1. Any idea which of 148, 153, 140, 130 is under 30 Å from residue 20 (Cα atoms), within 15 Å of the ligand (Cβ to nearest atom) and either crowded, with 18+ Cβ neighbours inside 10 Å or not aliphatic (A, V, I, L, M) (or both)?
2. Just a yes or no: is a residue in region 156-164 without any contact (Cβ under 8 Å) to a residue 12 or more places away in the chain, more than 7 Å from the ligand (Cβ to nearest atom), part of a loop (DSSP other than H, G, I, E, B) and not aromatic (Phe, Trp, Tyr)?
3. Restricting region 169-203 to residues that are surrounded by fewer than 15 Cβ atoms within 10 Å (Cβ to Cβ) and among the charged types (D, E, K, R), which is nearest to the ligand (Cβ to nearest atom)?
4. Out of all the residues in region 183-197, which are in a loop (DSSP other than H, G, I, E, B) and closer than 16 Å to residue 235 by Cα?
5. Please specify each residue of region 249-275 satisfying the condition of being of a type in the set (Gly, Ala, Ser) and touching a Ser or Thr at 6+ places or on another chain (Cβ under 9 Å).
6. Return the total of residues in region 36-71 being near the ligand (Cβ under 10 Å from one of its atoms) and either under 13 Å from residue 87 (Cβ atoms) or not in a helix (DSSP H, G or I) (or both).
7. Given the residues 33, 10, which is the only one that is open to solvent by less than 20 Å² (accessible area, probe 1.4 Å), more than 16 Å from the ligand (Cβ to nearest atom) and of a type outside the set (Lys, Arg)?
8. Give the number of residues within region 110-135 that are in contact (Cβ under 8 Å) with a residue 40 or more places away in the chain and more than 24 Å from residue 244 (Cα to Cα).
Amino acid sequence: MQIFREIKPLRAFLVEKWRAGQKLGFVPTMGALHQGHLTLIAASRAGHPFTVCSVFVNPTQFNNAEDFARYPRNLERDVEMLERAGCDVLFCPEEAEMHSDSQYLKFDFGHLDKVMEGKFRPGHFSGVAQVVSKLFHIVQPDTAYFGQKDWQQFVIIRTLVNELKFNVKLQAVETVREPDGLAMSSRNERLLEAHRKEATVLSRCLKDAREQLLHGKSVEDVKKNVLDSFNQSEAVKLEYFEVVNTENLTPIKSVGDADRAILCMAAYVGGVRLIDNMFV
Ligand code: AMP
C-alpha cells in the first residue's frame, strides 16, 4: 500500500490512473478503523481495480473541542488493517495540508442540516461537506463509499454531489454490527467495560420501535416507549429519536404513509455519544 501525507505527490501518483481511465473507489474515514470501515474497503475493491482510503480526523466537523481531542487515533494499526484488507493507497494528511487558517467556506443544506445530528451538532455538516468536497477534488474517485450508519451524512453528501455536479457515484453500505447488535463505531473504543453492555440499548430500541410501528403503533407512542427504555438506566441518556422520511429527512407521522421511513437516534452511554439508525 502506498501512503501519502501530502496532496501534491498523491495527485502525481493518481494522475496516471485518471489518464489510463482506471476506475478508483474511495473510502473516506476518520481512522480508528474497525470491521465497518473494512466492509466499505471490501465493497470498493469488489467494484474497482483500485481503492483509495483516507484517514483524517477533520477538526471542522467537531462542534466540541473535547470530543475532537478525545477522538480515538491509531494510525499504525489503521495502516496494518488497510494493508491486510488490500487497500492500494492511504491518504493521511496533517491538518495544515487540508485546511487553511481562515475557514470562510460554509455550507448550508437548509432543513437537511438543521435536524437530528445537525440540531445537536451545529456546524457539523458544514465541516463534513468542506472536507468531503476537498477529498473528492483531490482523489477524483469514480465511486465513494459511505456507511448507512451515518444516514443523514449520506443524504447530505448526496445533495452536495448533486448541487456541485461532482462526477462521483455514491454507494451506501449496510451498518456492520457487533454480535449483540451494537453498531460498530470508532467511539465504541471509549466505552468503559461497565457500560459496554448498556450500549446495546440503541439497537434494541430501534428494533423494538420498528416492530411496534409495523404493528400499527403510533409514532408518538413508540417515542414514549423508547424514552421509557432509556429511563431505566442511569448510564444512558437519549439525545433524540426521530422517525423520518429516508430521502428528505422530514418527520413521518405514521409508517402507513407511502414514504420510506428510517428511525434515527443519538444517545450518550457513560458519556460517550453514539448514533444508530434502522430502515423500517
Ligand atoms: P468514520 O471514520 O466514523 O467517519 O466513518 C467513515 C465511514 O465509515 C463513514 O462512511 C461511516 O458511515 C462508515 N461506517 C462507520 N461505522 C460503520 C459501520 N458500523 N458499518 C458500516 N459503515 C460504517
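1. None of the other options fit; the residue is 130.
2. So far as region 156-164 goes, no, none of its residues is without any contact (Cβ under 8 Å) to a residue 12 or more places away in the chain, more than 7 Å from the ligand (Cβ to nearest atom), part of a loop (DSSP other than H, G, I, E, B) and not aromatic (Phe, Trp, Tyr).
3. That would be 174.
4. Result: 191, 192.
5. 254, 261
6. 13
7. 10
8. The total comes to 4.
The values are calculated or read from the model by the stated rules, or taken from the named source; none is laboratory data. In this text, all values refer to a predicted model and were calculated from it rather than measured experimentally. Don't worry about glycine lacking a Cβ; one is built from the backbone with ideal geometry, like all the others, and counts go over all protein chains shown. Remember, those area values only see protein heavy atoms, side chains included, never the ligands or the DNA or RNA. Shrake-Rupley method; radii C 1.70, N 1.55, O 1.52, S 1.80 Å.
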